[in-house]
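Here's the structure, in structure tokens; my notes come after.
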Amino acid sequence: MDLQLKGKNAVILGGTRGIGRAIADTLAAEGANVAVCARNAEQVAETVAALKAAGVKASGASVDIMDGEALKRWIGEAAEELGGIDILVSNAGAMAQGGSAESWEQNFKLDVLGLVNAFDAAKPHLLKAAEDKGDAAVVIIASVSAAEADNASSYGPIKAALIHAAKGMARQYAARHLRTNVVSPGTVYFEGGVWNMVEKNMPDMFKGAMERNPMGRMATPQEIASAAVFLASPLSAFTSGINMLVDGSISRRVNF
């Protein structure tokens, strides 16, 4: 299926590992130009080289997403290098667990304010792309934990805030053909990822997590990326404001 992404310009927050890297690779495979940021400069350089090898324009930088001004500067630079922004993917997450004030602050600054600052910087470019081409898109990676609670951790409520923000953004900019959607993964496994670390260091906890997955396994980053890239594509031009669960049916709630 042609997703009509050839020549589109995408900016990805947290695009060098796991879900973010799979999104970057998938967009590039569809012919989109891609800019990525992350903290690790070596991983950024490796990712950019791989994206360029796919035959698209690519750039990247080491950016602290919690530094709002630095993030905005980079997005402006990325827009100039790519020639505009059609797609913004907010994938980076602090992943802080627990209910301490520090965990709340870290998750809020990276996940929520990261989105707010990135959208603020990308918005004029996204609106221009929407006006010129009839469609532009923001995709936010949240979590099934937004609506699942076992304790008073900060992680789930912060992800819920992203889903709420996305609905407001979708409504506010619908008439201008700028769409916003959310992908909420369940458990996702990849080498070097959170669940890989749990498997190595807390095998009993990992075994329990696997048993909670009705499919008997966790998602791959590619399975999340495929959903995100589809929502970013013009094939989803009438889809805005949704929260797409890609969780292997681990959640029990009914999504009316």
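Some observations on this one:
- Only one of the listed residues (246, 254) is hydrophobic (A, V, I, L, M, F, W, C), over 26 Å from residue 132 (Cβ atoms) and modelled with pLDDT under 95. That residue is 254.
- Residue 132, sole failed condition from (1) within 16 Å of the chain's Cα centre (by Cα); (2) surrounded by fewer than 20 Cβ atoms within 10 Å (Cβ to Cβ): (1)
- Complete set of residues in the range 1-34 that are in contact (Cβ under 8 Å) with a residue 40 or more places away in the chain, closer than 17 Å to residue 53 by Cβ and surrounded by fewer than 24 Cβ atoms within 10 Å (Cβ to Cβ): 22, 25, 26, 30
- Check on residue 38, crowded, with 19+ Cβ neighbours inside 10 Å and either touching a Phe, Trp or Tyr at 6+ places or on another chain (Cβ under 6 Å) or touching a residue at least 24 places away in the same chain (Cβ under 8 Å) (or both): yes
Per-residue answers, yes or no, for (1) touching a Lys or Arg at 6+ places or on another chain (Cβ under 6 Å); (2) in a helix (DSSP H, G or I); (3) closer than 18 Å to residue 95 by Cβ; (4) of a type in the set (S, T, N, Q):
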{"site": "196", "(1), (2), (3), (4)": "no, yes, yes, yes"}
{"site": "216", "(1), (2), (3), (4)": "no, no, no, no"}
{"site": "226", "(1), (2), (3), (4)": "no, yes, no, yes"}
{"site": "229", "(1), (2), (3), (4)": "no, yes, no, no"}
{"site": "238", "(1), (2), (3), (4)": "no, no, no, no"}
{"site": "245", "(1), (2), (3), (4)": "no, no, no, no"}
{"site": "252", "(1), (2), (3), (4)": "no, no, no, no"}
{"site": "255", "(1), (2), (3), (4)": "no, no, no, yes"}
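- Within the range 122-140, residues that are among the charged types (D, E, K, R) sit with their Cβ atoms under 9 Å from residues that are in a helix (DSSP H, G or I), at 6+ positions apart or across chains, in these pairs: 123/173; 131/176; 133/234; 135/129; 135/234; 135/236.
- The listed residue being surrounded by 17 or more Cβ atoms within 10 Å (Cβ to Cβ), within 26 Å of residue 158 (Cα to Cα), touching a Gly at 6+ places or on another chain (Cβ under 9 Å) and of a type in the set (A, V, I, L, M, F, W, C), out of 92, 96: 92
- There is at least one residue in the range 43-60 that is more than 29 Å from residue 189 (Cβ to Cβ) and of a type in the set (Ser, Thr, Tyr).
- For residue 49, the conditions (1) closer than 15 Å to residue 12 by Cα; (2) among the hydrophobic types (A, V, I, L, M, F, W, C); (3) surrounded by fewer than 21 Cβ atoms within 10 Å (Cβ to Cβ) are fulfilled apart from (1).
- Per-region count, the range 141-171, residues buried (at least 18 other Cβ atoms within 10 Å of the Cβ), in contact (Cβ under 8 Å) with a residue 40 or more places away in the chain, touching a helix residue (DSSP H, G or I) at 6+ places or on another chain (Cβ under 7 Å) and of a type outside the set (A, V, I, L, M, F, W, C): 4
- Of the listed requirements (1) part of a loop (DSSP other than H, G, I, E, B); (2) farther than 26 Å from residue 252 by Cβ; (3) charged (D, E, K, R), residue 150 misses just one: (2).
The values are calculated or read from the model by the stated rules, or taken from the named source; none is laboratory data. Not measured: the values here are computed from a predicted model. Neighbour counts run over all protein chains shown; Cβ positions are idealised from the backbone, glycine included.
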